[in-house]
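Chemist: Before I ask anything, here is the structure I am working with.
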Amino acid sequence: MSEADDSAAFAPPPFDAEAALVQLRRSLRELKLTERSSGFELRGKRVIEVMLADGSVSVRLARRLMNTPEWDPQTIRSGADQRKLLDEVRRRLERWLRED
């Protein structure tokens, strides 16, 4: 087996943005966020918005728990990006619940 064969055997599957969006929405609901159209809320305040965009998932994550939040944009193009986003959402949720 040559090096080319080795790298092809371990290549990750192509990123499926639609499946990732379904999984992301499920994970956000498991974090007790309320889904409203393309976004999720905590106590009636929008904290995250998710949508498909050119083979990736476009995300806007609130910096603080506010009625009109400032947004941090992110783009999910891989499973690793998705895991990092969920970790960040968990950190911010903990902070928001502590501050409230």
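Chemist: Quick one: 3J(HN,Hα) in Hz for the range 57-64, Karplus 6.51/-1.76/1.60 with θ = phi - 60°, rounded, Gly and Pro as x.
Modeler: Values per residue, Gly and Pro as x: 10, 8, 10, 10, 10, 5, 6, 9 Hz.
Chemist: I'd like the FRET efficiency for Arg43 and Asp87, computed as 1/(1 + (r/R0)^6) with the beta carbon distance as r and R0 of 22 Å, rounded to 0.05.
Modeler: Calculated transfer efficiency: 0.55.
Chemist: Taking Rh as the Kirkwood radius, which is the inverse of the mean 1/r over Cα pairs, what is the Rg/Rh value for the range 3-99?
Modeler: 1.07
Chemist: Counting other Cβ atoms within 10 Å of each Cβ, which trypsin sites (Lys or Arg not before Pro) in the chain have at most 15 and sit in a DSSP loop?
Modeler: Lys32, Arg43, Arg63, Arg64, Arg77
Rule-based calculations on the coordinates, nothing more; no lab input. Remember, it's a predicted structure, so these values are computed and weren't measured experimentally. Cβ atoms come from the backbone with ideal geometry, glycine included; neighbour counts cover every protein chain shown.
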